[in-house]
C-alpha cells in the first residue's frame, strides 16, 4: 500500500513537470525555431529589445537572432531575403519595398525623435535653433561634426537636413564614424563634437557622454519605426510564421504598453511612444 502511494505521488509530480508547476502549459515549439530579425542599432543600444525579445521567445518558442545594423543595410538584407522580419526607422526608404511587395504586414510600431547634441560650450551657437539653421551654423563655424556615414535611418535624416540647409558637408570638420549610434555618440563625446542622434540612444548613454541636447522639437525630427515581414511568396526560405508572430507581438496592446513604459523609471521619461493605433 505504501509503495502504491509513493508511485501515485511520483506520477503526480511527473505530470506537474510536464505541464509546468502552475498547471500552465509551456509554449508549443514551432517547427522552425530560429527567427532572424534585422533592426537598427538604436533599438539595441537603447536596451528596448533586451526587454522585448526574451518576452517574445518565452511566449512563442521562437529563438530570435537579432542583427543590429543601419536601416539601409537592414532593408538591403530584407530585399535579398536574408532575414525574416525587419524593424526599421526610415519610412521613405521602406516604401519601395512595401510597394514592390518584398515586405508585407507593414505596421507602424512606435516613434521618438532625433536631436542634435554637442558640447555644453556650444562653439557654433546652435542651441535652440531649427535643425537646418543649426547645421548651417555648424558648417559656417567649421565646428566638428560626427556623421554616422552608414546609410542608417539616422544618417538618412542627417543628410536630409543638410539638403534642407543647402549644404554639402565636406572638410576636416565633417567626419564619419561608419558605426552605430552608440559608438558614434562616444566618438562625438571624445572629440567634443556635434552629432545627430535618436533621443532613446542618447538618454541610454547620457551619463557617460558629457554632451547636451542643443536642438530638438522640429516636426521634421520625428523618428518613426515600422515592423514588417519579408514576403514568403518572394523568398520561400523565410520563416513566415515566425515573422508574422513577431509583427503581431510588436503591435499587441500588451507590448505597446511595455514600449510606452520603457525608460520611464530609469530616465524619467519614455524612450519610445507606442504608435500601433495610428
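The values are calculated or read from the model by the stated rules, or taken from the named source; none is laboratory data. All of these numbers come straight from a predicted model, not from anything done at the bench. Using ideal geometry, Cβ is built from the backbone for each residue, glycine included, and neighbour counts are taken over all protein chains shown.
Entry remark, region 131-157: residues being at pLDDT below 95 and assigned to a loop (DSSP other than H, G, I, E, B) number 5 in total. The residue of region 82-103 that is modelled with the lowest pLDDT, among those that are closer than 24 Å to residue 32 by Cβ and out of contact with any strand residue (DSSP E or B) (no Cβ under 6 Å at 6 or more places or on another chain), is 88. Kindly indicate whether any position in region 209-220 is under 16 Å from the mean Cα position of the chain (by Cα) and either outside any helix (DSSP H, G or I) or crowded, with 21+ Cβ neighbours inside 10 Å (or both). No, there is no match, as no residue in region 209-220 is under 16 Å from the mean Cα position of the chain (by Cα) and either outside any helix (DSSP H, G or I) or crowded, with 21+ Cβ neighbours inside 10 Å (or both). When you look at residue 200, is it assigned to a helix (DSSP H, G or I), in contact with a strand residue (DSSP E or B) (Cβ under 6 Å, 6 or more places away or on another chain) and modelled with pLDDT under 95, yes or no? Considered against the rule, which asks whether it is assigned to a helix (DSSP H, G or I), in contact with a strand residue (DSSP E or B) (Cβ under 6 Å, 6 or more places away or on another chain) and modelled with pLDDT under 95, residue 200 comes out as yes. Among the residues of region 52-65, those identified as in a helix (DSSP H, G or I) and either assigned by TED's automatic domain parsing to the domain that holds residue 202 or surrounded by fewer than 16 Cβ atoms within 10 Å (Cβ to Cβ) (or both) are 54, 55, 57, 58, 59.
Filtering region 246-276 to residues that are surrounded by fewer than 17 Cβ atoms within 10 Å (Cβ to Cβ) and under 18 Å from residue 104 (Cα atoms) leaves 248, 252, 276. State whether the residues of region 228-240 include one that is assigned to a helix (DSSP H, G or I) and in the same structural domain as residue 79 (by TED's automatic domain parsing). Yes; the residues of region 228-240 include at least one that is assigned to a helix (DSSP H, G or I) and in the same structural domain as residue 79 (by TED's automatic domain parsing).
Only one of the listed residues (70, 128, 81) is at positive phi and either crowded, with 17+ Cβ neighbours inside 10 Å or assigned by TED's automatic domain parsing to the domain that holds residue 159 (or both). That residue is 128. Only a single criterion out of (1) within 22 Å of the chain's Cα centre (by Cα); (2) outside the structural domain of residue 174 (by TED's automatic domain parsing); (3) farther than 17 Å from residue 250 by Cβ is not satisfied by residue 89, namely (3).
The numbered conditions (1) crowded, with 20+ Cβ neighbours inside 10 Å; (2) touching a helix residue (DSSP H, G or I) at 6+ places or on another chain (Cβ under 7 Å); (3) part of a helix (DSSP H, G or I) are all true for residue 243 except (2). Within region 180-187, identify whether any single residue is surrounded by 20 or more Cβ atoms within 10 Å (Cβ to Cβ), farther than 18 Å from residue 154 by Cα and at pLDDT 95 or above, and answer yes or no. Within region 180-187 (the criterion being surrounded by 20 or more Cβ atoms within 10 Å (Cβ to Cβ), farther than 18 Å from residue 154 by Cα and at pLDDT 95 or above), the answer is no, since none of the residues qualifies.
Using the structure shown, decide if residue 160 is in a helix (DSSP H, G or I) and modelled with pLDDT of 95 or more. The answer is no for residue 160.
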